[in-house]
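Everything below concerns the one structure shown next.
The values are calculated or read from the model by the stated rules, or taken from the named source; none is laboratory data. All values derive from a computational prediction rather than experimental measurement. Using ideal geometry, Cβ is built from the backbone for each residue, glycine included, and neighbour counts are taken over all protein chains shown.
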Amino acid sequence: MDDSSILLLNEGLMKIKKKFEAGEMKAFGHNQLKILKDFQEIRKQQAQLSMKQVSIGSERIKFHDADGIGKEEDHLNVYESVRERDEDLTKLTSNLTTLCKNIESANKVASQKEGQ
């Protein structure tokens, strides 16, 4: 790279810096506050879903514990446990769908240009 290229690059970077400092440029556009709020909500939902997935997985391990096989009272709870897991998975699926919609909405807001 020659000196003139470096000077042009430096000038371009200085213009960007001045625009950013003047508020003419933002990392997430003019909807930055809404986008950051949406990202926080998405992060919270992801953490909640992750904990729920771990919870469902640990319950399945406990349910299939070999020490409980053959005990009469454990067999009485099999139906109830399966029904509860089915409900948990249904809720988890619904929450994942909501999370996907929120991410899609945040992407649309982020891609909007000023004035739209």
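Brief remarks follow.
- Counting only residues that are in a helix (DSSP H, G or I), modelled with pLDDT under 85 and hydrophobic (A, V, I, L, M, F, W, C), region 1-35 holds 3 of them.
- If the condition is being in contact (Cβ under 8 Å) with a residue 60 or more places away in the chain and among the hydrophobic types (A, V, I, L, M, F, W, C), then region 1-30 contributes only Phe28.
- Residue within region 50-73 that is under 24 Å from Ala110 (Cβ atoms), modelled with pLDDT of 70 or more, exposed (fewer than 12 other Cβ atoms within 10 Å of the Cβ) and of a type outside the set (Lys, Arg) present: yes
- Against the numbered list (1) in contact (Cβ under 8 Å) with a residue 12 or more places away in the chain; (2) under 15 Å from Gln112 (Cβ atoms), Leu33 comes up short only at (1).
- When Gly115 is tested against (1) at pLDDT below 75; (2) in contact with a Gly (Cβ under 9 Å, 6 or more places away or on another chain), just one condition goes unmet, and that condition is (2).
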